[in-house]
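The values are calculated or read from the model by the stated rules, or taken from the named source; none is laboratory data. Here the structure is a predicted model, which is why all the values come from computation and not from measurement. All Cβ positions, even for glycine, are placed from backbone atoms using ideal geometry, and neighbour counts span all protein chains on display.
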Amino acid sequence: MATCEVCGNEYDKAFTIETADAKTHVFDSFECAIHALAPACAHCGCSVLGHGVESDGMIYCCAHCAGASGVAEVKDRVDSPAGEEGRRTGAARSQREPWRREVRRGSAGSGKRQQAVGISKQPASQEQKDQETLPPRGRARS
């Protein structure tokens, strides 16, 4: 069993990470790996888990922190020609069919997509309307 270099836990599912400078590190969890390897934001000090913003060799967690440190013209988002909603949110589809939305189901990263129907926004059938007017089972209307 390998031992995590951050917490010292001996774990049979520990993993190894080799960095760009060919150093090898052993961790028992992503939490420990992040604690040891993730860069810290030069402004607020939080761990930068994504791409972050880099300027003059400094890494920032977001455009706000970069701007607060004097980096000019940094934005968190650049809007597409389709507008703020854009293709990624399915704005055109949601305008045509407001009761439908696409959701991801399954294990993380599987990329499986299913269509979900928002029941409260979908037009009710006559049978559903009739069910809403019936009293709860086992009770008589007074």
Self-check item: Residue, farthest from I59 (Cα to Cα), within region 1-48, restricted to residues that are in contact with a Phe, Trp or Tyr (Cβ under 7 Å, 6 or more places away or on another chain) and aromatic (F, W, Y)
Solution: F15
Quiz item: Can you tell me how many residues in region 16-35 are hydrophobic (A, V, I, L, M, F, W, C) and over 22 Å from H51 (Cβ atoms)?
Solution: 2
Self-check item: When residues of region 8-33 are limited to those that are part of a strand (DSSP E or B), within 29 Å of the chain's Cα centre (by Cα) and at pLDDT 95 or above, the one surrounded by the most Cβ atoms within 10 Å (Cβ to Cβ)
Solution: F27
Self-check item: Unique residue being touching a strand residue (DSSP E or B) at 6+ places or on another chain (Cβ under 6 Å) and at pLDDT 75 or above when the list is G86, G52, G45, G70
Solution: G52
